[in-house]
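As structure tokens, the structure follows; a few thoughts come after it.
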Amino acid sequence: MRNTLGDGVTLTLFGESHGKGIGAVLDGLAPGIKVDTDFLEFQLSKRRPQGHLETSRIEQDQYTILSGVFQGYTTGAPLAIVIENQDVRSSDYCDISHLARPSHADYTALMKYHGYSDYRGGGHFSGRITAPIVALGAIVQKALEQKQIYIGTHILTCGGIKDRPFADYPKDILSLQTKLFPVLDDVEKQMKEKMEEAFFQQDSLGGILQTAIIGLPAGLGEPWFSSVEGKLANALFSIGGIKGIEFGAGFDFAQMSGSKANDPFYMDNQTIRTKTNHNGGINGGITNGMPIRFNVVVKPTPSIGQIQDTVDLLQKKDTHIQIQGRHDPAIIRRMAVVVDSLVAIVVADLLASRYGNDFLTFEA
């Protein structure tokens with residue numbers, strides 16, 4: 001089992017959904033980064049369930065930083081954080097431990113780990129494991145902001161309701177920082193109504209998240225196997241539920257001609273920019289200084305209350321399953337802050353590879 005991401009700045013995850021705790025280690029992070037605990041806790045609150053439309057498992061996310069921080073600043077040593085699991089209800093999974101939940105990792109986990117993995121709440125495959133990503137990502141995000149690099153994610157579509165895309169990047173990203181329901185237009189009520197419909201039908205919804213990164217210098221990334229798209233996709237596809245990604249115009253390129261798809265260059269005083277940004281801020285796998293923009297598709301939450309066909313993994317026969325427990329009819333709202341956090345860590349890794357690990361605290 002491999003659980004480490006990155007080259008210069010690496011993230012390693014550990015823990016299970018119903019184990020004693022979950023955690024992560026961030027190694028290679030520069031010393032001297034101020035740890036803003038208020039921001040860290042606010043970011044964790046964005047990921048935490050809100051109201052009856054989301055899981056009733058309410059974890060307080062009480063965290064302990066074991067190493068890598070001293071007197072409020074990173075030391076350069078591995079930054080290790082542990083978050084307790086307190087609100088567990090493992091009995092929900094006892095009766096279905098031998099049944100493969102549709103679109104979950106139960107069957108594939110059995111094939112890989114031979115029945116030894118922790119099945120409760122999805123074990124190590126659970127979205128619960130994203131909490132320490134958010135905690136460590138919050139520390140990195142604040143360091144990036146000191147370098148005028150900002151990241152924002154909003155719900156572009158959910159349940160057929162559409163938010164507007166990014167327009168004024170700095171203003172839009174700033175507006176998202178304080179929102180628990182990350183949308184740019186006045187569509188929160190409509191999206192929640194669609195989620196409520198799914199909730200009462202014992203069903204679930206998916207959607208699309210749109211992310212923007214501004215302030216990145218041109219020249220990050222590599223042309224082949226360490227392209228910016230590749231680095232981001234590698235990280236984002238590790239988040240359970242993300243099944244697709246597109247950069248810039250993405251799949252809309254298929255309907256465009258070259259004259260419409262190309263991004264013409266021009267001089268903005270002494271800075272080279274492009275008049276359009278169909279390529280999402282990346283050419284040849286390398287940042288071009290324009291905002292990076294991409295969309296990710298989030299599949300509907302696979303845990304639903306309806307009766308579904310499945311297989312008994314012990315008896316090897318067809319059967320049915322009705323999943324009980326505490327689940328979200330739409331995980332997309334809570335996933336936005338996870339995307340921001342993981343993207344921040346990838347960006348820190350890209351910057352370290354280009355400029356060295358001290359870049360985030362070095363004063364030019």
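The values are calculated or read from the model by the stated rules, or taken from the named source; none is laboratory data. Remember, predicted model here, so these are calculated numbers, not experimental data. Cβ placement follows ideal geometry from the backbone for every residue including glycine, while neighbour counts extend to all protein chains displayed.
Residues in region 43-80 that are free of Cβ contacts under 8 Å to residues at least 60 places away in the same chain and hydrophobic (A, V, I, L, M, F, W, C): ILE58, ILE65, LEU66, VAL69, PHE70, ALA77, ALA80. Note on region 290-341: residues that are polar (S, T, N, Q) and within 23 Å of LYS192 (Cβ to Cβ) amount to 4. Summed over region 297-316, the residues that are over 18 Å from SER103 (Cα atoms) and either of a type in the set (S, T, N, Q) or not in a loop (DSSP other than H, G, I, E, B) (or both) give a count of 1.
Per-residue answers, yes or no, for (1) under 19 Å from ALA233 (Cβ atoms); (2) out of contact with any Gly (no Cβ under 8 Å at 6 or more places or on another chain); (3) touching a residue at least 24 places away in the same chain (Cβ under 8 Å):
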residue: ASN262; (1), (2), (3): no, yes, no
residue: TYR266; (1), (2), (3): no, yes, no
residue: THR276; (1), (2), (3): no, yes, no
residue: GLY284; (1), (2), (3): yes, yes, yes
residue: PRO300; (1), (2), (3): no, no, yes
residue: ILE304; (1), (2), (3): no, yes, yes
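Region 182-294 holds helices (runs of 4 or more DSSP H) entirely within its bounds, and those carrying 2 or more residues that are buried (at least 16 other Cβ atoms within 10 Å of the Cβ) map to 188-200, 228-236.
Taking region 70-100, which residues are in a loop (DSSP other than H, G, I, E, B), surrounded by 15 or more Cβ atoms within 10 Å (Cβ to Cβ) and either of a type in the set (Ser, Thr, Tyr) or modelled with pLDDT of 95 or more (or both)? Those that are in a loop (DSSP other than H, G, I, E, B), surrounded by 15 or more Cβ atoms within 10 Å (Cβ to Cβ) and either of a type in the set (Ser, Thr, Tyr) or modelled with pLDDT of 95 or more (or both): THR75, GLY76, PRO78. Selection of region 18-60 for residues being of a type outside the set (A, V, I, L, M, F, W, C), within 30 Å of GLN201 (Cα to Cα) and over 17 Å from the mean Cα position of the chain (by Cα) yields HIS18, GLN50, GLY51, HIS52, GLU54, THR55, SER56, ARG57, GLU59, GLN60. Residues in region 322-364 that are of a type in the set (A, V, I, L, M), at pLDDT below 95, surrounded by 18 or more Cβ atoms within 10 Å (Cβ to Cβ) and over 23 Å from LYS189 (Cα atoms): ILE323, LEU360. For THR130, the requirement of being within 21 Å of ILE292 (Cα to Cα), among the polar types (S, T, N, Q) and either surrounded by fewer than 20 Cβ atoms within 10 Å (Cβ to Cβ) or touching a residue at least 24 places away in the same chain (Cβ under 8 Å) (or both) is not met.
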